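First comes the structure, then the notes that go with it.
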Amino acid sequence: MQIAVASGKGGTGKTTIATSLAQSLAGLANVRYVDCDVEAPNGHLFLKPEFTEITPAVIRIPQIQTEKCTACGRCVEVCEFHALAQVGKNILVFPQLCHGCGSCTWNCPENAIIEVPNPIGTIERGMAVEDIEFFRGLLTISEPMSTPIIRQLKKMMHPQPNTINIYDAPPGASCSVVETLRGVDFALLVTEPTPFGLHDLKQMLGILRDMNIPSGVVINRDGIGDDSLKDILRESNIPILLRVPFDRTLAENLAAGRTLVDVYPKYRDILRELYQKVTEIVGGKAK
């Protein structure tokens, strides 16, 4: 089972739910928590992993072999990201614009382009509390693209029997979120009953509809705001799988690096029941 925990905006409690869900399920199956928020990962603050493997995250960028290049400009024409430019008889490469798609290499009629690895961050792996296998990506500061790291992270998540992969998605509704969602069985959306939460949740529901991914909602800080959020979910036929009430004590403990389950142990069973609902929804969709 592959579950992405996402939110339309930051600060809704997405990582709170993702880490607590991983902790709750650890006794039932092999659990792998994958922090895909590679620009600002913080799952480690709650699950406290000990990292034992660090791998460079790289993107392969073109390098022009000038002795072979005829400056025909074909590579510039096919690059939709404008990572190459022709200046006179020279082809210039702008690494920070390159997405590593390989189009320029495949289309070069003179085979004058080779691809070289360009490090953009790291991938770390280790064991966390309750034998949770913990993965995270870290984007190097000043690097503009996070999706290649997320893609590399997900390639490590080979399906295994009795294993649950929990992807903690980046906040928002950007390309990095779409990459995290790609191929998952279910999306758990964490939101709050505020105008901002409602606005950004609508964006996420549209993305999931286009990607044909079943979803359910966790309402965090339940009790504030009004019923607008619940009305939208009712109209969209999206189930509310959990409500976490607005709670100052919980907020103080989360700020100190404790999980929802650490603060209120009853949530271990509650989150296991949530997971059972998820499997029923996914199973029903498969039929």
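Could you list all residues from the stretch 1-21 that are among the charged types (D, E, K, R) and crowded, with 22+ Cβ neighbours inside 10 Å?
Residue satisfying the conditions is K14 alone.
N220 versus (1) among the polar types (S, T, N, Q); (2) farther than 10 Å from E192 by Cα; (3) surrounded by 18 or more Cβ atoms within 10 Å (Cβ to Cβ): which is the lone unmet condition?
Single failed check for N220: (2).
Condition (residue is among the basic types (K, R), closer than 30 Å to L28 by Cβ and at pLDDT below 95) applied to the stretch 187-207: is it met by at least one residue?
To start, the set of residues in the stretch 187-207 that are among the basic types (K, R) comprises 202.
Checking the rest, the ones that are also closer than 30 Å to L28 by Cβ come to none.
Within the stretch 187-207, none of the residues are among the basic types (K, R), closer than 30 Å to L28 by Cβ and at pLDDT below 95.
Just one of E115, E77 is under 30 Å from V34 (Cβ atoms), of a type in the set (D, E) and either outside the structural domain of P41 (by TED's automatic domain parsing) or modelled with pLDDT under 95 (or both); which is it?
On the way: E77 fails: under 30 Å from V34 (Cβ atoms).
The unique qualifying residue is E115.
Pick from T191, T180: which is under 20 Å from V278 (Cα atoms), in contact (Cβ under 8 Å) with a residue 60 or more places away in the chain and touching an Asp or Glu at 6+ places or on another chain (Cβ under 8 Å)? Show your work before the answer.
Details: T180 fails: touching an Asp or Glu at 6+ places or on another chain (Cβ under 8 Å).
Within the list T191, T180, the selection yields T191.
Could you please find all residues in the stretch 111-148 being surrounded by 13 or more Cβ atoms within 10 Å (Cβ to Cβ) and charged (D, E, K, R)?
Across the stretch 111-148, the qualifying residues are E115, E124, R125, E130, E133, R136, E143.
Name the single residue, out of those in the stretch 251-267 being surrounded by fewer than 20 Cβ atoms within 10 Å (Cβ to Cβ) and part of a helix (DSSP H, G or I), that is nearest to the chain's Cα centre (by Cα).
A255
Scan the stretch 146-164 and tell me whether some residue there is among the small types (G, A, S) and not in a helix (DSSP H, G or I).
Yes, the stretch 146-164 contains a residue that is among the small types (G, A, S) and not in a helix (DSSP H, G or I).
Before we move on, is S24 assigned to a helix (DSSP H, G or I), over 19 Å from the mean Cα position of the chain (by Cα) and surrounded by 13 or more Cβ atoms within 10 Å (Cβ to Cβ)?
Yes.
The values are calculated or read from the model by the stated rules, or taken from the named source; none is laboratory data. Bear in mind that the values here come from a model prediction, so they are computed numbers and not experimental data. Glycine gets a Cβ as well: all are built from the backbone with ideal geometry, and neighbour counts include every protein chain shown.
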